[in-house]
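Take a look at the structure set out below.
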Amino acid sequence: MLLLLFIFIYALLGMQIFGGAFTDPEVVGTVRYNYDAFLNAFITSFILLTTENWNSVMFYAFSGTTTQALIAVYFVSCIFIGNWMLLNLFLAILLDSFTQVEEEDMMTPEKKERIKQQMLLDLKVKQGEDFIEGMEELQKEGFNLKSEKKPKKKKKAKKKKAAPGEESEVKMPAATGNILEES
């Protein structure tokens with residue numbers, strides 16, 4: 001948008017300075033690049049900005065009746081300021097893309113928690129060796145998988161002496177729960 005504004009300003013300035021002044025004895029009619037109408041002036045200013053065939057535009061300007069000092073100031077300012085602005089816009093876009101990449105690479109606590117939750121959800125589906133490998137992977141990533149609650153001390157079941165021919169019954173303590181469900 002800033003670049004279009006720059007071209008617009010220099011097109012209007014060129015129309016004011018060079019309007020109808022471009023002549024070439026070898027060309028019948030008007031010169032291709034001129035400042036007679038706004039569209040032609042806009043295209044000619046764009047040509048100066050890109051420095052594509054700017055020397056022929058300057059040749060037509062110097063062959064006219066306009067003061068040479070004014071022509072030199074117009075062309076030098078248009079080319080130097082325009083290219084400086086174009087370079088700065090390009091660098092701003094480039095630096096902005098690098099900044100976005102750096103922000104995506106930063107590991108925030110929220111991102112760590114989302115990754116942990118996703119890995120835990122994936123682990124719920126796995127069984128056997130896949131489950132153990134997933135647990136090891138989470139531990140390598142630095143996630144603490146142990147519950148923050150301290151487990152209660154387990155009471156040992158007392159064995160009663162069974163009479164000959166009777167089977168003894170041993171009660172096992174209830175499991176403390178699934179590690180994945182506690183998180």
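Scan region 8-20 for residues that are part of a helix (DSSP H, G or I), surrounded by 13 or more Cβ atoms within 10 Å (Cβ to Cβ), without any contact (Cβ under 8 Å) to a residue 60 or more places away in the chain and not aliphatic (A, V, I, L, M) and jot them down. Residues satisfying the conditions are PHE8, PHE18.
When each of PHE75, PHE80 is tested for being exposed (fewer than 13 other Cβ atoms within 10 Å of the Cβ) and aromatic (Phe, Trp, Tyr), the lone residue that passes is PHE80.
Here the helices (runs of 4 or more DSSP H) wholly within region 48-137 that include at least 3 residues being over 21 Å from MET1 (Cβ atoms), of a type outside the set (Lys, Arg) and within 30 Å of the chain's Cα centre (by Cα) are 68-105, 109-125. Output the residues belonging to region 39-58 that are exposed (fewer than 13 other Cβ atoms within 10 Å of the Cβ) and not polar (S, T, N, Q). LEU39, GLU52, listed by residue number.
Among the candidates THR23, THR30, the residue that is part of a loop (DSSP other than H, G, I, E, B) and without any contact (Cβ under 8 Å) to a residue 12 or more places away in the chain is uniquely THR30.
Every number in this text was worked out from the coordinates using simple rules, so none of it is lab data. Note that this is a predicted model, so its numbers are computed, not measured. Positions of Cβ are backbone-derived with ideal geometry, glycine not excepted, and every protein chain shown enters the neighbour counts.
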